[in-house]
Amino acid sequence: MKNVLMTLALTALALPAGAQDFSQGSEAKTWNLYAEQPARFEAKVVDILCELTGDCPADCGGGARQMGLLRDVDNVLVYPNKNAQAAFTGAAVELLPFCGRQVEVDGLLIEDPDLKATNIYLVQKIRAVGDAEWTAANRWTAEWAKNHPEAAGKGPWFRRDPRVKAEIAADGYTGIGVEEEQQFIKELFE
Amino acid sequence: MRMRLLTAALLLPMPMAALAAEGERIQVRGEIIDTWCYYSGVMGGPDAVTGTAHHTCALWCSAGGIPVGLLGEDGQVYMVLKIKGDDGSAGGDTQLRLASHEITADGLLYHRDGLNYLVVEDVVTDHGITKLNHEDYGPVPPFAIPKPGK
């Protein structure tokens with residue numbers, strides 16, 4: 001009995017975030033970020049607001065809410081901030097199809113004590129536990145295009161997004177006002 | 001006794017927030033930032049990825065579903081999960097409109113595995129965009145402002 005309790009206590013002591021190496025078996029591509037670590041692990045896909053507060057819609061919020069990864073090995077809540085696209089795009093859209101399911105993910109973990117960044121994740125690929133095929137976490141821009149047929153055209157999505165364009169039209173690129181920033185922009189390109 | 005000890009030992013690894021869904025009521029003032037650029041350093045240090053220099057990118061990231069945070073005066077980042085009843089934390093309208101704004105928020109704070117999470121129940125004051133650093137850093141990233149006429 002004493003041995004069981006000792007083992008459990010030592011397991012608990014070994015759990016602090018960042019203390020474990022999840023790089024084994026990872027095929028994550030580097031983004032050359034200062035604090036990145038390849039990380040492949042199994043987890044349950046959760047709605048973070050639900051996980052923390054008990055406010056739990058059936059469909060994890062249907063894409064409106066941020067999704068988390070409740071890591072199997074240590075019950076740590078990992079926060080996927082980013083998908084695999086270099087296009088200012090998050091991870092919720094990628095994880096939503098796996099709401100409530102056990103998955104395996106591969107990507108980059110960000111651990112930077114100077115910025116108090118811990119358990120921040122860039123997800124590159126996902127698969128349900130037991131599945132052979134991975135799903136690349138790069139569907140965001142295609143989903144955006146499907147939802148914004150009125151914004152079809154050349155150039156990246158963020159130049160065409162109606163809400164972003166409306167904000168910039170109202171307050172400028174710096175947010176200080178269209179008129180107020182004119183001199184700055186003029187000098188920027190001189 | 002043995003059962004109680006075993007139960008206590010089994011509960012030990014469970015994060016406290018998982019046991020209690022009650023948040024701590026706080027009032028905090030700070031800037032609504034995009035957390036990926038801040039945490040990853042992908043575009044430079046923390047001063048360059050806030051304020052007017054980074055405003056356009058903050059809009060892109062917020063609309064793109066990257067989590068927003070409130071960078072408090074205390075230097076802490078509070079991951080925002082909800083603002084005044086709008087739970088659209090992945091690209092929602094309310095957080096988009098507040099990009100780069102300094103706000104005073106009243107809400108509930110949750111701690112989990114080294115991160116702070118905030119459910120904003122009220123934006124007590126929207127101070128507007130107060131960090132004017134575009135003259136210091138230029139647009140971050142540099143292509144955020146396209147050449148006029150292009």
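Just so you know, all these numbers are worked out from the coordinates, no wet-lab data involved. Given the structure is predicted, the values throughout are model-derived calculations rather than measurements. Here the Cβ positions follow ideal geometry from the backbone for every residue, glycine too, while neighbour counts run over all protein chains shown.
Annotations
- FRET E, pair A:ASN32, B:LEU132, Förster distance 35 Å, beta-carbon r, rounded to 0.05: 0.70
- The alpha-carbon of A:LYS186 sits under 15 angstrom from the alpha-carbons of these aspartates and glutamates, leaving out residues fewer than 8 places away in its chain: B:GLU135.
- Members of A:LYS82/B:LYS147; A:LYS44/A:LYS154; B:LYS84/B:LYS131; A:LYS44/B:LYS82; A:LYS82/A:LYS154 lying beyond 26 Å, as alpha-carbon distances in this model show: A:LYS82/B:LYS147; A:LYS44/A:LYS154
- Selection from B:GLY51, A:PRO149, A:ILE176 lying farthest towards where the dipole of the protein assembly as shown points positive, charges on Cβ: A:PRO149
- Dipole of the protein assembly as shown, positive direction: furthest Cα of B:LEU115, B:LEU96, B:VAL28, with charges on the beta-carbon: B:LEU115
- Convex hull volume of the protein assembly as shown per residue (C-alpha atoms, cubic angstrom): 149 Å³
- Point-to-point label distance, A:ASN75-A:ARG159, nm (Cα→Cβ direction, 7 Å offset): 5.0 nm
- Dividing the C-alpha radius of gyration of the stretch B:21-62 by 2.2 N^0.38 Å, with N its residue count, gives 1.40.
- Pairwise label distance in nanometres, A:GLU187 with B:VAL124, each label 7 Å out on the Cα-Cβ vector: 3.6 nm
- Rounded to whole Hz, the Karplus (6.51, -1.76, 1.60) HN-Hα couplings of the stretch A:172-185, x for glycine and proline: x, 6, 9, x, 8, x, 5, 5, 4, 9, 4, 5, 4, 5
- Rounded to 5, the percent of DSSP beta bridges in chain B classed as antiparallel: 85 percent
- Whole-percent pair-distance distribution, where bins are 10 Å wide, for the alpha carbons of the stretch B:82-150: 16, 36, 29, 16, 2
- Values of log10 I(q)/I(0), in the order q = 0.15, 0.23, 0.24 Å⁻¹, for the stretch A:148-188 under a Debye, Cα-only, solvent-free model: -0.43, -0.76, -0.79
- For the stretch B:24-127, the Rg and Dmax computed from alpha carbons only, in angstrom: 12.2, 33
- Share antiparallel - DSSP beta bridges, the protein assembly as shown, percent rounded to 5: 85 percent
- Relative to the longest principal axis of the Cα atoms of chain B, the long axis of helix B:2-11 makes an angle of roughly 10 degrees.
- Scanning residues 5 or more positions from A:PHE41 or on other chains, those with amide H under 5 Å from its amide H are A:VAL105, with H placed 1.01 Å from N in the peptide plane.
- Sites B:THR104 and A:LYS116, calculated FRET efficiency, Cβ-Cβ separation with R0 25 Å, nearest 0.05: 0.70
- Expected-Rg normalisation [2.2 N^0.38 Å, Cα atoms] applied to chain A: 1.27
- Sum of -39500 (n - 2.57) over DSSP H runs of 4+, divided by residues of the protein assembly as shown (222 nm, nearest 500): -6500 deg cm²/dmol
- Modelled spin-label separation between A:ALA136 and A:ALA87, with each label point placed 7 Å from Cα along the Cα-to-Cβ direction: 1.1 nm.
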